[in-house]
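So the structure is just underneath, and the comments pick up after that.
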Amino acid sequence: MRRLASLAASFLMIVPTGLALAQVTTPAAGGPTPGEAVRIRNPQIKMIIDRIRLQEDRIALGVKNLKLTVDEAAALRAKLVAVRNEIQADFKTNHASGQRGLTEDQLKQINTELDANSAAIHDDKQGSDATPTK
């Protein structure tokens, strides 16, 4: 009986705490919360975002496996930040002119930059004398 009372008391203490931690807050600015998925309608934009995430993962793995130095990783991440900034600037420019999304030339330019960064990740992981394989 004492065990049952003890179990019931501990349950009554845990449940309200868990419920308090599980409360959902609504975003103040109306944008997505950090854990919330954003639906991307354009498959080309989704592909670019997926490529950026993949490269971020490859950089992190390279640092973890000691294949990349911290300085190399910082330089590679800076290139990804530059690509993201370029995408945002292109979207703003296009939106101001009444166009939606990115132009084919802009997409080609971004993919070229991501290709170069991917090769740089590979080269830095392998050493300066290695050439990337496709």
Hz values of 3J(HN,Hα) by residue in the stretch 54-62 - Karplus curve (6.51, -1.76, 1.60), Gly and Pro given as x: 4, 5, 4, 5, 5, 5, 4, 5, x
Read phi for every residue in the stretch 108-113 and hand back ³J(HN,Hα) as whole Hz from Karplus 6.51 cos²θ - 1.76 cosθ + 1.60, θ = phi - 60°, with x for Gly and Pro. 5, 4, 5, 5, 4, 5
Residues of type aspartates and glutamates that LYS79 reaches as a straight line, Cα spacing below 20 Å, ignoring anything fewer than 8 places off in the same chain: ASP50, GLU56, ASP57, ASP71, ASP90, ASP105, GLU113, ASP115, ASP123, ASP124
Highest mean packing first, using Cβ neighbours within 10 angstrom, the peptides 57-70, 92-105 sort as 57-70, 92-105
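No value in this document is a laboratory result; all are computed from the given coordinates. Worth saying up front: this structure is predicted, and the values here are computed from it rather than measured. Cβ atoms come from the backbone with ideal geometry, glycine included; neighbour counts cover every protein chain shown.
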